[in-house]
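Structure first, commentary second.
The values are calculated or read from the model by the stated rules, or taken from the named source; none is laboratory data. Just so you know, these numbers come straight off a predicted model, no measurement behind them. When we count neighbours, we look across all protein chains shown, and the Cβ atoms used for this are built from the backbone with ideal geometry, even at glycine. Areas reflect the complete protein model, heavy atoms only, side chains present, ligands, DNA and RNA absent. Shrake-Rupley method; radii C 1.70, N 1.55, O 1.52, S 1.80 Å.
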Amino acid sequence: MDAADALKLFELDNNVVPLSASDEKVYCYDGQLQSDQLDQRPWRADPRYYRKVEISSIALVKMVMHARSGGDIEVMGLMLGKVVGQTMVVLDAFALPVEGTETRVNAHHESYEYMVQYLEQCQAAGRQEPVIGWYHSHPGYGCWLSGIDVETQMLNQ
């Protein structure tokens, strides 16, 4: 299979929809608009307020490559983005230096320091997008939330 066919297959398998010129505003970040939306805290009244997640191609490729690089060991990373109405938009992702095993991933003090330093460097470079979520792999088990995943989300949300 050549590169063009592989790209078409990837786009079909992942329901990739190209953006029109008018849709490119999704890449623009408005800090005040984000603050206004988040200050309303709509998830408190409706825990299922956010109905959709859109993931940029670059963020998707980074997360997939990171997960595959772990082989049988779980990996973890953070997603950067914004909210638009009831949609979470993931614009970028980065891997975290964590301790992984076949069945769990543990973030230690060094991981938290790395997160802070990475985000400070992003802001210094003009990237304003905050952390919008986290991901980690379950190699060989498919996509699902374990009890530990749910506890982690509740603790950090």
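Taking all protein chains together and rolling a 1.4 Å probe, ARG127 ends up with roughly 80 Å² accessible. 3J(HN,Hα) along the range 45-54, derived from phi through the Karplus expression 6.51 cos²θ - 1.76 cosθ + 1.60 where θ = phi - 60°, amounts to 7, 9, x, 9, 4, 7, 9, 9, 10, 10 Hz, with x in place of Gly and Pro. Computed over the chain, the Cα gyration tensor eigenvalues convert (square root of 5λ each) into semi-axes of 24, 23, 17 Å, ordered from largest to smallest. The modelled label-to-label distance between ILE58 and ILE73, using points 7 Å beyond Cα along the C-beta direction, is 2.8 nm.
Close amide H pairs (under 5 Å, H built 1.01 Å from N) link TRP134 with MET79, residues at least 5 positions away or on another chain. If you take the charge dipole of the chain about its Cα centre, with +1 on Lys and Arg Cβ and -1 on Asp and Glu Cβ, which of ALA95, PRO42, HIS138 is farthest toward its positive end? Among ALA95, PRO42, HIS138, the one farthest towards the positive end of the dipole of the chain is PRO42. Other residues lying with their Cβ under 14 Å from the Cβ of GLN86 contribute a combined charge of +3, Lys and Arg counting +1, Asp and Glu -1.
For the range 1-114, the relative contact order works out to 21 percent when only alpha carbon pairs closer than 8 Å and six or more residues apart are counted.
Can you tell me which lysines have their Cα less than 20 Å from the Cα of LYS82? Leave out same-chain residues fewer than eight positions away. Qualifying lysines at Cα under 20 Å: LYS25, LYS52, LYS62. Amide H contacts of LEU96: MET76, GLY77, LEU78, each under 5 Å away and 5 or more positions distant or on a separate chain (H built 1.01 Å from N in the peptide plane; Pro and chain starts excluded).
For the range 19-157, a simple Cβ point-charge model (Lys and Arg +1, Asp and Glu -1, everything else neutral) yields a dipole of about 380 debye relative to the Cα centre.
Put simply, the amide H of ILE55, placed in the peptide plane, has neighbours under 5 Å in VAL90, leaving out anything fewer than 5 places away on its chain.
A 1.4 Å probe, protein heavy atoms only, puts the accessible area of ILE58 near 90 Å². I need to check one value: relative contact order of the range 58-146, counting alpha carbon pairs closer than 8 Å and at least 6 residues apart, in percent. Worked out over the range 58-146, it gives 35 percent.
Note on the chain: with a GNM built from Cα contacts shorter than 10 Å, the maximum mean-square fluctuation among HIS138, HIS109, HIS66 falls on HIS109.
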